[in-house]
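Participant: I am attaching a structure below and will ask some questions about it afterwards.
Bear in mind these aren't lab numbers, they're just calculated from the coordinates by the rules spelled out. Bear in mind the structure is a predicted one, so any value in this text is a computation, not a measurement. So basically every Cβ, Gly included, is an ideal-geometry build from the backbone, and we count neighbours across all protein chains shown.
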Amino acid sequence: MPDVTSQLRELFARLPQEIPVHVFVDRSRSPESARLADEFIAAVTAITPKITFHLHDGLDAAARRWNVDRTPTILFAPERYSIRYLGLPLGEESRTFIEAALLVGARADGLSQQSRTILQRIPGPKKVRVFVSITCPYCPGQALHAIRAAIAAPQRISAEIIDIQWNQDLAERYGAFSVPQTYADDAHIGMGAQAEELFFASLEAGEPQTIFIPENDAEEIRADLVIVGGGPAGLTAGIYAARSGLRAAIVERGPLGGQVAATPVVENYPGVSRIPGKNLVEIMVAHALEYVPLFPHEEVMAIEPGEEFTVRTSRRRFLCRAVLLATGARYRRLDVPGENRLAGRGVSYCSTCDGPLYQGKRAVVVGGGNTALTEALHLHHIGVDVTVIHRRETFRAQEHLTRALERENIPVRWNRVVSEILGDHTVTAVRLQDVHTGSTEDLATDAVFIAVGYDPETTLAQRLGLRLDANGFIAHDGSQRTSLPGVYVAGDVAGGFRQIVTATGAGAAAALTIAHDLMARH
Ligand code: NAP
């Protein structure tokens, strides 16, 4: 059997390109690192002449040209790529060096098609930093994701692999106390080693992603059931449909998870006593993915009934035997002056998303339901000075939340509505009107979180001519069948208690009804 050295020799011999590698050391200030670099270069040169080393002592003109400001630093083909290694790639990290050299020599990135598709969407420039150590066996894999990205998109992506032992100051600055840790333009995008596609999904999102949803470019997909909406109802229906033997697909126009994804914390989903909504969504999505393909960020434009249904989306068409509408609800607006103009400049509908911007500042939450109180408590807990504005003198929210609000001494302005949101560039105050006397006063604030309920998303249902109930929700027969055969409904768009647990229950019931009905058709 050939040994590792001769295998490497052969691999490098086959490469079409030379691999210029520049190594910067400082012999006078760090003779030990210079000696290690000499040994490293000698060892690699003994394996292959394809790597042409350029050894620089001190920060010379080349260092200035390529912005090298510390030693030891290694640059791979700097005329072509922006790939640098801060430290010396010894121990486990020798794998990073060898594989990076092979990729540079082949001018190939070795990425999967899925990763490449995501990378194409990422606007540049992005600087990816991966913190590693020479004793970490998982680090080379993560470092190579960054290096592959820099090879695939040299104009947009630069990769910097940072050995924490040689660069403790950088590790401290970034808080990278375990490796690998990955940052893009200083935003943390990965803790630990990630699968390649997850690395790219995280790079695109600018934050760590835990689930990768494969993309599908088929123009036409046949299924038994198309589920419109990827919240708790739709995801549960997908699981139940697949387990009943149906080929299902879930199409969601936004990110998966519906309202739960924006809920600060969920405390009433049985089996999980307290969990951020986003994490609960991740668990549900990962579970659903075991059974059913998901098509997020794809909007259903039209549903055409017929022998079979044609569901036209923004990307393709689905042909199916049944459709489940789990389209949820959209947050309600106040419709007062200033709301539109200052949206995103202090006016917000999501405390989980925007709350951290107002730490140490003032905010008001408008509403007296479960959402308003959950959001007020969340803002209070993250250090926002919050006041609740409610149009009556009792809350609609559950007792448990009302008591928590009292316990935390969160002030409430009762019997007041917001008649205007004030501010030139950003919110500075809200105008409150007393519902009994009509008198007004201005309350200074930096943010307005609006939580006055949700309206059902019935656009598709109305186009299909489905019967709605007196409150505008999609009517059904108690087993989730709508007024049009083959079309079913579940979740908040059907009204009812509008809890996560009732939505999942209705999703399961809908899938079981659909399986029953489709079987009966044969
Ligand atoms: P909601 O229960 O409909 O409450 C809306 C609140 O906004 C009410 O207090 C309402 O006042 C007020 N409001 C409505 N329009 C207003 C306006 N134009 N100006 C001022 N105030 C206005 O809505 P939600 O709190 O978003 O909850 C929606 C559904 O999700 C509910 O079924 C809720 O139970 C559920 N949910 C449950 C949880 C949980 O269980 N932990 C958490 C979040 C949501 P009035 O009271 O005077 O009508």
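Participant: Taking a cut-off of 20 Å between Cα atoms, list the lysines near Lys278, but don't count ones fewer than 8 places away on the same chain.
Facilitator: Within the straight-line cut-off, Lys278 pairs with nothing.
Participant: Would you please classify the overall shape of the chain from the alpha carbon gyration tensor, given that a ≥ b ≥ c denote the square roots of the eigenvalues, rounded means a/c under 1.5, and beyond that prolate means a/b larger than b/c while oblate covers the rest? Can you show the working numbers first?
Facilitator: Values: a/c = 2.91, a/b = 1.60, b/c = 1.82.
Oblate.
Participant: Which three extents, in whole angstrom, do the alpha-carbon atoms of the range 471-522 cover along their principal axes, largest first?
Facilitator: Ordered largest first, the range 471-522 gives principal extents of 35, 22, 12 Å.
Participant: If you don't mind, there's one more thing I want to ask. Taking K and R as +1 and D and E as -1, what net charge do the other residues with C-beta under 14 Å from the C-beta of Glu339 add up to?
Facilitator: Its environment carries a net charge of +3.
Participant: Hey, got a sec? Which trypsin sites (Lys or Arg not before Pro) in the range 244-296 land in a DSSP loop and have at most 14 other Cβ atoms within 10 Å?
Facilitator: Arg274
Participant: Something else about it: Give the residue list of chymotrypsin sites (Phe, Trp or Tyr not before Pro) in the range 117-180 that are DSSP loop and have at most 16 other beta-carbon atoms within 10 angstrom. Before the final figure, lay out the partial values.
Facilitator: On the way: sites: Phe131, Tyr138, Trp166, Tyr174, Phe177; in loops: Tyr138, Trp166, Phe177.
Of the chymotrypsin sites (Phe, Trp or Tyr not before Pro), the ones in loops of the range 117-180 whose Cβ has at most 16 other Cβ atoms within 10 Å are Tyr138, Phe177.
Participant: So if we plug the beta-carbon distance of Asp3 and Tyr138 into 1/(1 + (r/R0)^6) with R0 = 25 Å, what FRET efficiency do we get, rounded to 0.05?
Facilitator: According to the calculation, E is roughly 0.45.
Participant: Going by Cα centres, the range 481-522 and the range 140-186 are how many Å apart?
Facilitator: Rounded to whole Å, the Cα centres lie 47 Å apart.
Participant: Quick one: length gained pulling Lys127 to Arg521 fully straight, 0.36 nm per residue minus the C-alpha distance?
Facilitator: Net length gain for the segment: 136.1 nm.
Participant: Turning to a different aspect of this structure: Run through the range 377-458 and list the trypsin sites (Lys or Arg not before Pro) located in a DSSP loop whose Cβ has at most 13 other Cβ atoms within 10 Å.
Facilitator: Counting only loop positions with at most 13 other Cβ atoms within 10 Å, the trypsin sites (Lys or Arg not before Pro) in the range 377-458 are Arg392.
Participant: Can you grab the distance from the C-alpha centre of the range 1-22 to the C-alpha centre of the range 328-357, Å, no decimals?
Facilitator: Distance between centres, Cα-based: 58 Å.
Participant: Roughly speaking, what is the centre-to-centre gap between the range 267-317 and the range 30-63 when only Cα atoms are used, to the nearest Å?
Facilitator: That distance is 53 Å.
Participant: Please identify the DSSP H helices in the chain that span no less than 15 Å along the helix axis (Cα) and have a mean Kyte-Doolittle hydropathy of 1.0 or more.
Facilitator: Both cut-offs are met by 94-106, 500-521.
Participant: Provide the gained length on full extension for the span Asp217 to Arg392, in nm with one decimal, where the gain is 0.36 nm per separating residue minus the Cα-Cα distance. Intermediate results must be reported in sequence, preceding the final value.
Facilitator: Values: separation 175, 0.36 × 175 = 63.00 nm, distance 5.14 nm.
Computed gain between Asp217 and Arg392 is 57.9 nm.
Participant: Quick one: go through the range 53-67 and flag any residue whose amide nitrogen is under 18 Å from the point 7 Å out along the Cα-to-Cβ line of Ser28.
Facilitator: 56-64
Participant: Same structure again: Kindly provide the helix-only [θ] at 222 nm of the chain, computed as the sum of -39,500 (n - 2.57) over DSSP H runs of four or more divided by all residues, to the nearest 500 deg cm²/dmol?
Facilitator: Per the formula, -9500 deg cm²/dmol.
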